[in-house]
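Report on one structure; see the data block that follows.
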Amino acid sequence: MRDATGLPRVVCRDPYAYFAHVSGLLNPPPQAQAGTHADAVIDASAVVAEDAEVGPFAVIGRNARIGARSLVGAGCVIGHDVTLGEDVRLHANVTVYDGCVIGSRVILHSGVVIGADGFGIAMSDERWLKVPQIGRVVIGNDVEIGANTTIDRGAIDDTVIEEGVKLDNQIQIAHNVHIGAHTAIAACVGVAGSAKIGRYCRIGGASGIVGHLTIADHVEISAHTLVTKSIEKAGTYSGAYPFDVNREWRRNAAQLRHLDALADRVRVLEQKLTPPKRSKS
Amino acid sequence: MRDATGLPRVVCRDPYAYFAHVSGLLNPPPQAQAGTHADAVIDASAVVAEDAEVGPFAVIGRNARIGARSLVGAGCVIGHDVTLGEDVRLHANVTVYDGCVIGSRVILHSGVVIGADGFGIAMSDERWLKVPQIGRVVIGNDVEIGANTTIDRGAIDDTVIEEGVKLDNQIQIAHNVHIGAHTAIAACVGVAGSAKIGRYCRIGGASGIVGHLTIADHVEISAHTLVTKSIEKAGTYSGAYPFDVNREWRRNAAQLRHLDALADRVRVLEQKLTPPKRSKS
Amino acid sequence: MRDATGLPRVVCRDPYAYFAHVSGLLNPPPQAQAGTHADAVIDASAVVAEDAEVGPFAVIGRNARIGARSLVGAGCVIGHDVTLGEDVRLHANVTVYDGCVIGSRVILHSGVVIGADGFGIAMSDERWLKVPQIGRVVIGNDVEIGANTTIDRGAIDDTVIEEGVKLDNQIQIAHNVHIGAHTAIAACVGVAGSAKIGRYCRIGGASGIVGHLTIADHVEISAHTLVTKSIEKAGTYSGAYPFDVNREWRRNAAQLRHLDALADRVRVLEQKLTPPKRSKS
């Protein structure tokens, strides 16, 4: 169906998705230039697809595998036994630790660190002992991860990011976290160890998920919310303190420290006014 | 005017600014050493000023321009068509994506990422589509940006940081944000997409600015505050939950979940005590 | 004491610490491979232990000292006059600015930046002046620092991280902070300038410590808490806003803005009900 201009008439339920489609056609990502820069260091045992591109000052470790048409940007360091799928795009200065597995069509932005040790420590004789972190990070297909985001390797099992997950910048994903497919997380979020987040969740910026929780599918978390217990039902959850002019904020915040006492005082007033009536009815 | 010691007598309104002046004279920043390290990779089409310094393992892309006396530190990756002004100082391991523009006397600390893709995604058929991010980041003169801070490129228009802005470490600036001249932002702040922050603002650490808001000039935001709507008037705004001994915090925070009900109960008490009088007066 | 299997019977107060011990024995960290990669740039005046390992595209500055068996990973940039102790392990793409001192057995994960300038600025004639940051970062023995964490150099004195401190990922430590021995800090925490944190503290994720505070030894801070004044007594302190279903949260948060007025109304009710009795008693 075309109108007088000859252009197709746009009839779509979701104009933003339509725009994304069209803009994606008009602005295809730059293609990998087949070849390895002379100033890259690639271990002899690594397998790099012929049509992959490896930029200057990139390092690729023992037995690493770089899939077809993938791009390893300048200054990236890819550890031993790492696998990158096809059409992967690592922007400059990404680090992937040993043994991690990255699916196809994954995009990692600059400064991303995949597979650093999780924060596993145990107190013994007044000193912290390091708990070896021997799991991996496994990232599914079609995942995009923003600049300077960090995803720690698992302690024993793996940290898992399922397909289609989209992570913004400066997110911290701790060891053994599991993020379900097609969940999107905005910038500056921290997810603590072993949390399990469902599919199609949307998590607002600067939120936090406490460790060892489970969050159901299709849960939406507002910005700046700390999730302190499991969420079993889809829906929207919030927990930011409302901001105000400093003078008002100070007055109200000061009362907050006496809120329990205030509730007690209201209870006393209620008893004074009502108990006789109640006992008779 | 000198006193008996022969030293100038310090008579100044702001001793800290005076200290900054004097300390700056006594501790000038190290100067760029003219020349390009043999282990840098500079595209033949790039224009690097003769007296600029390019460190080892730095990469400079097609048609990039590096101004007079600028320093590109070791391991920096400067994309295609990037412009750096004069006397710019990029510490080691900075990444600047294609097309970004950086003014004169700008300082970028290590780990900074300028121009990564903004978080533009649209849901279509139960999958996220990537919205191409084709704007740039444009940074004015005399800006300083702290370690591991990230500034995303615009979706269509540019992300703009005006002259004299000072950003601390680990700040996240999303696509199409506009920060007015001489605003200072402390560490760990997140500014969501298309927010417009005025001139001479001061934003405390770990605060968040929700997307598509406007903040007036000379606004001060306290630490850990989430700004959820536009601020049209200069002043100080706050929104952190007051901390307390855990036992007290638990009592008060539990009541917080019944605050609306508590307000209702107070209303009922007021009606019991006052309505007859009110209706007569 | 051994049981029928011949294995020592496990009788221990803390099974997690025991697990850490055993797992550490079974999973020793990879050893540095003595030698310097041909593609590293090491200043002639630097002293690198013979059995240290320097990876490809690493840079080591003037008068730097790299201790025995230490590993400087690929892409690391070590400034002038830096000292690394023995058995130090720098993962890929770490940056250490000039003059910093790092003890023995320290582990720095990828993307860590040690010694960037603190956020020292002074307003003068409507422009920010930079206050030179001429202190160092001094890190004790047995410290581990997670991916993309940043520790700024002191303004005049040093920023100090005492022995045995464990820092998770994406933490920001500002200039002149002092962290006591064996304190552990979870991810995404920000510590503002000149804060002094005691020994054996445990600080939860995404918390913030305001500048110029003192925190006693053995203090525990819950996640997402902003500490706004000094803590003089060991104990647990909290300050996160409790999250809720969005509808409930909106109701309660709206009342929060009238909390001071609500307390006044309760006071009025109390006076109406009780003053005569009080004045007589």
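For the range C:217-244, which positions are under 16 Å from C:A195 (Cα atoms), open to solvent by 30 Å² or more (accessible area, probe 1.4 Å) and in contact with a Gly (Cβ under 6 Å, 6 or more places away or on another chain)?
C:D217 - this is the single residue of the range C:217-244 that is under 16 Å from C:A195 (Cα atoms), open to solvent by 30 Å² or more (accessible area, probe 1.4 Å) and in contact with a Gly (Cβ under 6 Å, 6 or more places away or on another chain).
Can you tell me how many residues in the range C:63-79 are among the aliphatic types (A, V, I, L, M) and outside any loop (DSSP other than H, G, I, E, B)?
Count: 5.
Each row is one residue, and each column tells you yes or no for (1) among the hydrophobic types (A, V, I, L, M, F, W, C); (2) farther than 14 Å from A:V113 by Cα; (3) out of contact with any Asp or Glu (no Cβ under 6 Å at 6 or more places or on another chain).
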residue	(1), (2), (3)
A:G61	no, yes, no
A:L71	yes, yes, no
A:G75	no, no, yes
A:L84	yes, yes, yes
A:D87	no, yes, yes
A:T95	no, no, yes
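Output the residues belonging to the range C:42-64 that are open to solvent by 30 Å² or more (accessible area, probe 1.4 Å) and either out of contact with any Leu (no Cβ under 7 Å at 6 or more places or on another chain) or closer than 17 Å to C:C100 by Cβ (or both).
Result: C:I42, C:D43, C:A44, C:S45, C:V47, C:V48, C:E50, C:D51, C:R62, C:N63.
Filter the range C:80-128 down to the residues that are within 14 Å of chain A (Cβ to nearest Cβ), part of a loop (DSSP other than H, G, I, E, B) and charged (D, E, K, R) and list them by number.
Passing the criteria: C:D87, C:R105.
Looking only at residues that are open to solvent by less than 50 Å² (accessible area, probe 1.4 Å) and under 29 Å from the mean Cα position of the chain (by Cα) in the range C:16-41, which one is nearest to C:R105 (Cα to Cα)?
Per the criteria, the residue is C:A32.
Determine, yes or no, whether A:R69 is basic (K, R), more than 24 Å from the chain's Cα centre (by Cα) and more than 9 Å from every other protein chain (Cβ to nearest Cβ).
Yes.
Please list, ordered by first then second residue, the pairs with beta carbon atoms under 9 Å, 6 or more apart or interchain, first in the range A:257-274 and free of Cβ contacts under 8 Å to residues at least 60 places away in the same chain and more than 7 Å from chain B (Cβ to nearest Cβ), second outside any helix (DSSP H, G or I) and of a type in the set (S, T, N, Q).
Qualifying pairs under 9 Å: A:K272/C:T274.
Just one of A:I121, A:I173 is open to solvent by less than 10 Å² (accessible area, probe 1.4 Å) and of a type outside the set (S, T, Y); which is it?
A:I173
Could we say that C:D152 is of a type in the set (D, E, K, R), open to solvent by less than 10 Å² (accessible area, probe 1.4 Å) and on the phi < 0 side of the Ramachandran plot here?
yes
When residues of the range C:20-58 are filtered for being within 8 Å of another protein chain (Cβ to nearest Cβ), over 19 Å from A:G79 (Cα atoms) and at pLDDT 95 or above, how many remain?
Selection size over the range C:20-58: 1.
What's the number of the condition B:L129 fails, among (1) crowded, with 24+ Cβ neighbours inside 10 Å; (2) touching a strand residue (DSSP E or B) at 6+ places or on another chain (Cβ under 6 Å); (3) farther than 16 Å from A:C188 by Cα?
Answer for B:L129: the failing condition is (1).
The values are calculated or read from the model by the stated rules, or taken from the named source; none is laboratory data. All values derive from a computational prediction rather than experimental measurement. We place every Cβ from the backbone using ideal geometry, glycine too, and count neighbours over all the protein chains shown. Accessible surface is based on the protein model in full, side chains and every heavy atom, while ligands, DNA and RNA are left aside. Shrake-Rupley method; radii C 1.70, N 1.55, O 1.52, S 1.80 Å.
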